[in-house]
Amino acid sequence: MISSVHKVTIIGAGLAGTEAAFQLAELAKKYQINLKIKLYEMRPQVQTPAHHTDKFAELVCSNSLGSEFITTARGLLIQEMKLLNSLIINSAIKSKVPAGQALAVDRDLFAELISKKILENPDIEVIREEFEEISANSEQFLIIASGPLTSANLAREIQKLTSGKDFLNFFDAASPIIAQESINMDIAFKASRYGKGETDDYINCPFYSAEEYYKFHEALVNAERAPLKDFEKENMRYFEGCMPVEAIAERGKDTLRFGPLKPVGLRDPRHPDKRPYAVVQLRQDNVLGSLYNIVGFQTNLKWGEQKRIFSMIPSLENLEILRYGVMHQNIFLNSPVLLNKDLSLKEYPNIYFAGQITVGEGYTESAATGIAVAHALIKKILEESKTPVTTDENAEIGVPVFPKLTMHGALINYVTSADPKTFQPINSNWALVNPNPEEIDKKILKDKKLKNEFLAKRALNLISSNIRESFTEANPMIATETMS
């Protein structure tokens, strides 16, 4: 038992903050560390432009965490998180709704499960107020997981820590959520692309004629948008992976048909000979199936325009929008400049950052940084307690315990070592963990599926061995007592 009392304060009960709190509590038990965890959440006292409830880990954009398939990069990250007992992934599985290959959730149930797990944990003290003043007290640890919608007060405090520089600004958007009963199922049909997943996972709204689609496209690009402030216009940059649908449409008449309205692999089983020119997909948003979101339709259109334009989609002529799409400005750190390899601040290594504020784009990526920071912080406590800690043989000072060939390690390596001048949000992708050609058999290298399976198996083996080594070799005495 490490007798010293260690205090950790976490700011923000989003995906990264709740994951970090949960992981710290679990790791502290296993390592027998006396850890006091405080989790601050400013909602409902202080709201953000995108949140609607006071629940923890509220999803403000899509309700999908991405593909679960192991041959996808996001799927590998999800599988790694499962091995690491992720609160976010376990809760997603329990609140899952049909969505083909994707891990999509009932967003209310998802947030309720996570909130309950955190609030009932005796090792986590939840404080419902805005955290406004940061102290660089080296005797305590701080994890800032306040997200891209960080309050103005906290943002100013962070700027003080970073000498008032190296912030990035991007714009993010959310799709509308609509009532299922307002969908005309005489026109729409249920199907997953190429029949993957259950056949009724998505509701599809087909444009069968080019004329009908181009009329919709013209109305979309000419629709009125919600006004932006002058400073927002000057600094406007979008997430490439979460652009407003009208901004995508502006890139060309057929851009949508090669993006969110891609028609390939979708046929109405009632009319197998009819080939759609474009298809709008609707994904189930709650377990009851009474709510659907319009896939890929993040938007900054005025609310009246959303109703008018989206009602032009076949089968949505009686559209009832229950939550309109919105766009909001996000802030991020220029992480390669400011953060160490374990996501701690270079100038104040007792202060960590996790989640989207580090510019890890995506729900799973955000939660994964919470896992990584928790492991890195526990490792630091063990090191300071003069307890042997297992590290990768090529590890640098400050590197967390996840090797670079895992998706966890690869994401953090990108976030902390990318070119600061061109730093952009990033999702999980195979390029981050691709091996040198000589590392694997040429036959495997030429087959994309086999190569991805190889990379995934290698990463999962590294994560598994990492868990074993962390809990049996970091402190043999504690590990023996824990296992007994």
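FYI, it's all coordinate maths here, none of it is from the lab. Since this is a predicted model, take the numbers as computed values, not measurements. As a convention, Cβ positions derive from the backbone with ideal geometry for all residues, glycine included, and neighbour counts pool all protein chains shown.
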**Request:** For Gln140, list long-range residues whose amide hydrogen, built 1.01 Å from N in the peptide plane, is under 5 Å from its own amide hydrogen.
**Result:** none
**Gain upon complete extension [Glu317, Glu218; 0.36 nm per residue less C-alpha separation]** = 33.9 nm
**Asked** Once the piece of chain linking Lys346 and Ala155 is laid out straight, how much longer is it, given 0.36 nm per residue of separation minus the C-alpha distance between them?
**Response** 67.0 nm
**Whole-Hz couplings from phi, Karplus 6.51/-1.76/1.60, listed for the stretch 37-43; x for Gly and Pro** = 10, 10, 10, 9, 9, 7, 6
**Request:** At 7 Å along the Cα-to-beta-carbon direction for both Val287 and Ala431, put a label point, then send me their distance in nm to one decimal.
**Result:** 4.0 nm
**Prompt:** Past the 29 Å Cα-Cα mark, which pairs from Lys116/Lys307; Lys29/Lys82; Lys29/Lys404?
**Reply:** Lys116/Lys307
**Request:** Compare the peptides 102-115, 9-22 by average per-residue count of other Cβ atoms within 10 angstrom and give them in order, highest first.
**Result:** 9-22, 102-115
**Complete:** Subtracting the Cα-Cα distance of Lys7 and Tyr194 from 0.36 nm times their residue separation yields 62.2 nm
**Complete:** For Ala226, placing the label point 7 angstrom along Cα-to-beta-carbon and taking the stretch 322-363, residues whose amide nitrogen sits under 19 Å are 322-332
**Asked** Under unit Cβ charges (Lys, Arg +1; Asp, Glu -1), what dipole magnitude, rounded to 20 debye, does the stretch 53-119 have relative to its Cα centre?
**Response** 140 debye
**Asked** If you place +1 on the Cβ of every Lys and Arg, -1 on the Cβ of every Asp and Glu, and leave all else neutral, what size is the dipole of the stretch 3-112 about its Cα centre, to the nearest 20 Debye?
**Response** 340 debye
**Request:** Please tell me which of these pairs span more than 27 angstrom C-alpha to C-alpha: Lys38/Lys160; Lys421/Lys449; Lys30/Lys380?
**Result:** Lys421/Lys449
**Request:** Report, by chain and number, residues whose modeled amide H sits under 5 Å from the one on Gly66, excluding near sequence neighbours (fewer than 5 apart, same chain).
**Result:** Leu103
**Asked** Based on the Cβ-Cβ distance of Phe258 and Asp447, what FRET efficiency does E = 1/(1 + (r/R0)^6) give at R0 = 41 Å, to the nearest 0.05?
**Response** 0.95
